[in-house]
Amino acid sequence: MKLFSDYHSHPQGHRVQPYSRELLQPWIDSARAGGLNDIAFTDHDRFHAGIDFGEIDKLRAANPDLKIRAGIELDNDPQTSGAGRKWVEKNWDKLDFVLGSVHYLDDPTQMFDSVPDGAGQFVGRSIDEIYEDYFHRVRDIAATGLVDCLSHLDLIKIHGHRPCGDVRSIINETLDFIRSRDLAIELSTAGWRKPVDELYPSDRIIKLAIEKEISFTTASDAHSHVQLAENFDRLTGKMSILGVREVCVYDKHKREVRKL
Ligand SMILES: [Zn+2]
Ligand SMILES: [Zn+2]
């Protein structure tokens, strides 16, 4: 089994850096060196100003051996996601793939997944309630009709907080909702470089998703081109054990399932 696709990458990193050949070509070179032949650029929607579809087309023409998908990661930032949604609606036909993410809980000024500072948002609070709240927000993003796939589905575990009670029903309902909307979820190796040191999502969630016949993408959430396909060997092992034998790719929001 050989993984060939990475559907979560941030060429601009953490700031607006307009798309250009200089910015993007190293990502293609790294993808090729890592054995990938299908990648999606999914910069954060707050940096949509840097995305240039013309530059992506030029990159495609110069690298015909790779599928290069135009994408974005739309999140729930209370300050920027309104503009992000409008941009996604406006550019829907040019985009291949949209990720939906929850990075914000009650604090509108700080992503809960900033490491280590975001962990402060969990202090003195009921972890079960935080989990419930988080998965409701995941459903809100899924319900926008503007996303193809949910990223890092159980990101809420990032700092290692675990629910005390049983949160299976909320996770089950969330997966049912995702299935009803015919959305995919990603298998993200990013969790392995975070304090929780665990794949997103957990084995239990993956097993439930398999039962519900939800499709998966494979993803690194690379913020540097050297992180593309990071830990994909380890992911391959995990997928073999769990029985995931196919992944999906997207062309203009149309899902195509590929056997591995
Ligand atoms: Zn994210
Ligand atoms: Zn991301």
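The values are calculated or read from the model by the stated rules, or taken from the named source; none is laboratory data. In this text, all values refer to a predicted model and were calculated from it rather than measured experimentally. Backbone-built Cβ (ideal geometry, glycine too); neighbour counts: all protein chains shown.
Would you confirm whether any residue within the stretch 246-258 is touching a residue at least 12 places away in the same chain (Cβ under 8 Å), within 29 Å of Val115 (Cβ to Cβ) and within 16 Å of ligand 1 (Cβ to nearest atom)? No; the residues of the stretch 246-258 include none that is touching a residue at least 12 places away in the same chain (Cβ under 8 Å), within 29 Å of Val115 (Cβ to Cβ) and within 16 Å of ligand 1 (Cβ to nearest atom). Just so you know, in the stretch 138-156 the residues that are part of a helix (DSSP H, G or I) and within 16 Å of ligand 2 (Cβ to nearest atom) include one that is surrounded by the fewest Cβ atoms within 10 Å (Cβ to Cβ), and it is Ile141. Within the stretch 202-215, is even one residue touching a Lys or Arg at 6+ places or on another chain (Cβ under 7 Å) and either of a type in the set (A, V, I, L, M, F, W, C) or in a strand (DSSP E or B) (or both)? Yes: one or more hits.
Okay, residues lined up against (1) out of contact with any Pro (no Cβ under 9 Å at 6 or more places or on another chain); (2) at pLDDT below 95; (3) among the hydrophobic types (A, V, I, L, M, F, W, C):
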{"residue": "Ser9", "(1), (2), (3)": "yes, no, no"}
{"residue": "Gly13", "(1), (2), (3)": "yes, no, no"}
{"residue": "Arg21", "(1), (2), (3)": "yes, no, no"}
{"residue": "Asp29", "(1), (2), (3)": "yes, no, no"}
{"residue": "Asp45", "(1), (2), (3)": "yes, no, no"}
{"residue": "Asp52", "(1), (2), (3)": "no, no, no"}
{"residue": "Leu59", "(1), (2), (3)": "yes, no, yes"}
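The C-beta contact set for the stretch 215-238 (first residue surrounded by fewer than 17 Cβ atoms within 10 Å (Cβ to Cβ), second residue basic (Lys, Arg), distance under 9 angstrom, 6+ apart or interchain) comprises Thr236/Lys2. Taken over the stretch 157-173, residues that are away from ligand 1 (no atom under 16 Å from the Cβ), under 25 Å from Thr189 (Cβ atoms) and part of a loop (DSSP other than H, G, I, E, B) amount to 5.
The lone criterion from (1) closer than 23 Å to Tyr250 by Cα; (2) surrounded by fewer than 22 Cβ atoms within 10 Å (Cβ to Cβ); (3) touching a Phe, Trp or Tyr at 6+ places or on another chain (Cβ under 9 Å) left unmet by Glu198 is number (1).
Gln121 falls short on exactly one of the conditions (1) part of a loop (DSSP other than H, G, I, E, B); (2) modelled with pLDDT of 95 or more; (3) more than 14 Å from ligand 1 (Cβ to nearest atom); (4) farther than 22 Å from Val244 by Cα, and that condition is (1). The listed residues are Ala49, Ala40, Ala31, and the only one of them that is surrounded by fewer than 22 Cβ atoms within 10 Å (Cβ to Cβ) and of a type in the set (A, V, I, L, M, F, W, C) turns out to be Ala49.
When you go through Leu105, Leu95 one by one, which is the residue that is within 16 Å of ligand 1 (Cβ to nearest atom) and not polar (S, T, N, Q)? Checking each option against the conditions leaves just Leu105.
Could you check, for the stretch 63-71, whether at least one of its residues is closer than 30 Å to Val123 by Cα, crowded, with 21+ Cβ neighbours inside 10 Å and in contact (Cβ under 8 Å) with a residue 40 or more places away in the chain? No; the residues of the stretch 63-71 include none that is closer than 30 Å to Val123 by Cα, crowded, with 21+ Cβ neighbours inside 10 Å and in contact (Cβ under 8 Å) with a residue 40 or more places away in the chain. The set of residues in the stretch 33-50 being free of Cβ contacts under 8 Å to residues at least 60 places away in the same chain and more than 16 Å from ligand 1 (Cβ to nearest atom) consists of Ala33, Asn37, Ala49, Gly50.
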